[in-house]
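Here is the structure we will look at.
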Amino acid sequence: QIPHLDSKKGNPFPHKHNAPAIEEHYPFSHFFSQVLAITSPSTNSTDRESEIERGFQGQICCKDIIMSNQSFNNNKTKQYFKVCFCFRRIFRLRDPEPPEEINFLFERYSRDGTMSVEDLRRFLVEVQGDESATHDDALAIFNSLKHLHIFQRRGLHFDAFYRYLLGDLNGPISPTTTVFHDMRAPLSHYYLYTGHNSYLTGNQLSSDSSTKPIINALKRGVRVIELDLWPNSNKDDVKVTHGGTLTAPVDLLHCLRAIKENAFEASEYPVVITFEDHLPPHLQSKVATMVQNTFGGTLYTPESDEMSEFRSPEYLKRRILISTKPPKEYLETSSAGSSKGGEGGSKQSSGKGSKSDWSSFDKDEGDGEGGIQEEDEEKTAPQYRHLIAIHAGKLKGGIDNMLSIEENKVRRLSMSEQELEAAAKTHGTALVRFTQKNLLRVYPKGTRLTSSNYNPFIGWMHGAQMVAFNMQGYDKHLWTMQGMFRANGGCGYVKKPDFLLEVGPNNQVFDPSLAQQVKTILKGKLYLGEGWLLDFRHTHFDLCSPPDFFVKVGIEGVPADKAKQITNVIDDDWQPIWNEEFQFELRVPELAVLRIEVHDNDLGGNHGFAGQTYLPISELRTGIRAVPLHDRRGNKYKHTRLLMEFEFA
């Protein structure tokens with residue numbers, strides 16, 4: 001039977017002197033549960049069964065049921081008794097001791113047990129690596145701690161200092177949304193946060209189309225939204241849907257209004273709408289009217305098609321750009337060719353870089369953007385053609401012509417992930433040279449029916465600005481994308497590394513295939529974690545005991561930089577302490593992303609997810625930092641975080 005809590009001693013087992021005390025603020029049920037089995041004897045029960053029933057007065061624990069199995073058949077036992085397991089484990093929740101390093105640092109930078117504003121400023125400069133920290137910066141931290149009721153007017157004592165280290169102001173990257181990259185370069189000099197089939201709520205075959213994914217993407221800072229335009233069954237209106245599938249459509253006007261209302265909520269830098277166009281001229285005219293009426297003066301339309309370079313993100317602030325191509329032709333019947341339009345045909349390339357791999361580029365099958373021909377222009381509604389700020393398409397004649405550079409013209413080219421892999425093997429430097437001036441969009445292969453994603457670093461390493469992702473595909477690739485675009489204030493634009501933009505004295509450009517030297521070494525230490533008990537139910541990971549956490553720490557980046565370390569498992573602890581070090585060599589730190597995932601160990605191998613965060617190495621702050629964790633969708637937990645230390649050597 002469940003013993004009563006002894007109010008005087010705070011002990012549920014007063015007859016056991018070594019039983020741990022339970023803290024008053026923590027619910028008794030969180031420490032242990034003892035569930036009793038209720039007997040349900042049958043009318044033809046044996047004498048032994050009756051003896052058990054009489055002996056335990058209608059209550060029997062699982063240990064006794066196990067013993068009874070020596071006499072009973074297991075199946076028969078289940079017939080006579082409703083059995084629940086009984087747990088006698090007691091767990092005590094206590095705040096972990098701060099790491100010794102923290103105590104040492106406080107003693108070093110405090111006097112008489114308190115830290116003054118100037119002491120804190122010195123700590124910020126000398127330990128945290130914030131060389132520009134001022135008296136006002138330290139004072140702002142002081143003021144932020146007043147509400148904790150652990151603040152003293154004459155200075156910070158240890159508890160306040162420790163809470164600051166675990167607080168939001170001490171994050172691993174800057175907590176502000178300040179944009180600090182130079183935003184005055186041409187658009188082709190930036191990576192853009194890019195979505196694929198932005199209207200889909202789930203898989204690529206049968207999910208609904210909706211404005212909600214578009215709104216969510218824009219609120220996360222996504223800057224490129226893709227809409228697939230198809231005529232309705234009567235060919236008198238436009239619908240947005242994934243052609244040739246069972247996905248339900250959504251009204252184009254609703255999508256345009258959703259973009260207008262949310263375009264600049266997360267960032268004031270330009271939004272690009274890519275149309276995959278399957279419309280006849282009369283419906284193109286209708287789209288042109290919708291777009292102009294919806295966006296008005298926010299819509300950017302270039303004065304001429306002849307541009308030697310794209311405008312800058314700074315120039316295009318709070319503007320919306322349309323990117324598409326005039327369709328090669330409109331197929332009046334729903335033929336097999338049209339059903340494969342969009343992203344079907346070219347996505348099945350073998351990826352070996354042979355001539356046949358690139359023949360599909362001449363057939364207008366890749367992502368709805370086929371060969372650019374003069375007759376296309378003649379068939380296109382003039383007012384629709386005038387809307388196009390970024391012309392998209394694929395030149396005829398294979399990959400060499402595709403990647404050719406025109407002196408007074410810039411354009412956008414699209415490739416599937418497989419086509420990019422093939423091109424990277426045979427034309428790596430040509431891709432880099434092309435993307436110094438033009439835009440390259442990469443999209444998922446057609447077999448990713450579940451809306452999964454792919455490795456973005458092949459595209460980024462070759463200068464591809466628009467690596468398009470399924471924003472509903474919650475996996476480590478999407479977490480990597482989210483981590484990459486936490487840089488530069490989360491504005492959705494990240495300046496490409498200088499080495500991808502430079503041209504040498506002999507007109508040479510960066511060659512991604514060459515081995516790179518180690519530029520820096522990231523050294524770090526994982527101290528502890530906290531907050532799970534506030535963000536998760538106490539039974540989330542295990543019904544009968546606290547979780548057994550371990551952490552994966554690694555690097556996502558170019559192949560030579562990819563690495564991973566796994567910590568020890570800390571058993572039965574909501575507030576685990578690891579005190580483990582890690583170290584990673586980095587050859588291309590400009591593109592590297594720090595991977596941090598926490599899991600609950602499961603002996604069956606199905607480890608429970610307990611949080612993740614992916615951080616751009618280029619903006620990682622040195623020193624001791626509080627690293628907040630996020631859920632699978634990328635939403636930050638309110639309390640769950642890790643205490644870690646970073647330095648570069």
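None of the figures in this text is laboratory data; all of them are computed from the coordinates on show. Bear in mind that the values here come from a model prediction, so they are computed numbers and not experimental data. Glycine gets a Cβ as well: all are built from the backbone with ideal geometry, and neighbour counts include every protein chain shown.
Some points to look at:
- Between residue 143 and residue 205, the distance separating the two model label sites (each 7 Å from Cα on the Cα→Cβ line) works out to 5.8 nm.
- Per-residue Karplus couplings for segment 500-516, computed as 6.51 cos²θ - 1.76 cosθ + 1.60 with θ equal to phi - 60°, are listed in order as 7, 10, 7, 10, x, x, 9, 6, 7, 10, 4, 10, x, 7, 7, 5, 10 Hz, Gly and Pro entered as x.
- Spin-label pair residue 632/residue 282, simplified geometry with 7 Å Cα→Cβ offset, distance in nm: 4.7
- Model label points for residue 562 and residue 426, set 7 angstrom from Cα along the Cα-to-Cβ axis, are 2.4 nm apart.
- Per principal axis, descending, Cα span of segment 520-648 in whole Å: 46, 29, 28
- With R₀ fixed at 30 Å, the C-beta to C-beta distance from residue 311 to residue 257 puts the FRET efficiency at about 0.75.
- R0 of 56 Å, Cβ-Cβ distance residue 405-residue 544: FRET efficiency to nearest 0.05: 0.30
- Cβ-Cβ FRET estimate between residue 572 and residue 386, R0 fixed at 51 Å, reported to 0.05: 0.15
- Computed from phi, the 3J(HN,Hα) profile of segment 202-211 under the Karplus parametrisation 6.51, -1.76, 1.60 (θ = phi - 60°) reads x, 6, 8, 10, 9, 7, 7, 9, 7, 7 Hz, with x in place of Gly and Pro.
- Multiplying the residue separation of residue 619 and residue 503 by 0.36 nm and subtracting their alpha-carbon distance yields 39.2 nm.
- Listed residue pairs exceeding 28 Å between alpha carbons, taken from 425/523; 212/437; 260/325; 476/519; 146/495; 212/235: 425/523; 212/437; 146/495
- Estimated vicinal HN-Hα couplings, Hz - segment 530-542 in sequence order (Karplus 6.51, -1.76, 1.60; Gly, Pro = x): 7, x, 4, 5, 8, 9, 10, 5, 5, 9, 4, 8, 8
- Whole-number percent relative contact order across segment 100-165, with pairs defined as alpha carbons under 8 Å at least 6 apart: 33
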